[in-house]
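Just so you know, all these numbers are worked out from the coordinates, no wet-lab data involved. Given the structure is predicted, the values throughout are model-derived calculations rather than measurements. As a convention, Cβ positions derive from the backbone with ideal geometry for all residues, glycine included, and neighbour counts pool all protein chains shown.
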Amino acid sequence: MNTYRLIEKEDNLAVKKLIQAVFEEYDAPREGTVFADPEMEDLHGLFERAEKAVFWLAEEDGNILGCCGVYPTSGLPSGLAELVKLYLDAGARGKGIGKTLMEKCIASAQDMAYEGLYLESIPLFGQAVSLYEKVGFRRLSKPLGDSGHFSCSIWMLKDL
């Protein structure tokens with residue numbers, strides 16, 4: 001049985017390993033993506049310190065299966081936050097876990113009075129991009145905000 005909960009300090013290393021394992025699995029760019037973000041060492045602290053931010057985990061029997069968050073990325077237009085770090089363990093895909101994590105983030109963003117969610121991705125993560133489109137994200141022609149993720153070439157927005 002999967003449980004969904006907010007990140008705790010003790011989860012930092014497991015979440016970092018999960019995210020980096022997905023990049024390695026897909027041979028995705030390490031530079032200019034979340035893989036190289038210095039904040040990966042303390043995601044709990046990053047989200048705890050930020051105003052109007054949340055980071056959800058999916059867990060089963062003490063194992064982190066996936067993660068997804070809402071973060072007020074620098075430079076975004078007023079009223080927007082970024083949907084960040086939606087990653088799933090290879091064995092957890094195709095079971096609705098990613099969709100549930102995203103729905104929890106969307107509900108959290110609405111509770112925090114955001115008007116929209118922005119995200120960035122790469123073509124290698126096509127399964128995730130399809131999921132974003134299914135829940136109402138639309139593609140943009142250029143990036144918003146200052147994420148520093150120069151390797152991302154897919155930008156999307158969902159009105160809340």
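Suppose only helical runs count, i.e. DSSP H with n ≥ 4. What mean residue ellipticity at 222 nm does that imply for the chain under -39500 (n - 2.57) per run, divided by all residues and rounded to the nearest 500 deg cm²/dmol?
-9000 deg cm²/dmol
With an 8 Å Cα cut-off and a minimum separation of 6 or more residues, compute the relative contact order for the stretch 3-159 in percent.
Worked out over the stretch 3-159, it gives 23 percent.
In cubic angstrom, how much convex hull volume per residue do the alpha carbon atoms of the chain span?
Enclosed volume per residue, from the Cα hull, is 102 Å³.
Around R139, with a cut-off of 15 angstrom between Cβ atoms, what is the net charge of the other residues, counting Lys and Arg +1 and Asp and Glu -1?
Charge balance near R139 sits at +1.
Work out from phi, with θ = phi - 60° and the Karplus expression 6.51 cos²θ - 1.76 cosθ + 1.60, the ³J(HN,Hα) of each residue of the stretch 90-102, listed in order in whole Hz, and give x for Gly and Pro.
3, x, 9, 7, x, 10, x, 5, x, 5, 5, 4, 5
If Lys and Arg each add +1 and Asp and Glu each add -1, what is the summed charge of the other residues whose beta carbon sits under 12 Å from the beta carbon of Y114?
Combined, the nearby Lys, Arg, Asp and Glu give -3.
Among C105, C152, rank each residue by its count of other Cβ atoms within 10 Å, from fewest to most, as a rough exposure measure.
C152, C105
Please list the non-local residues whose amide H lies under 5 Å from the amide H of G116, H modeled 1.01 Å from N, same-chain partners needing a gap of 5 or more.
Those lying under 5 Å, H to H, from G116 are A81, L160.
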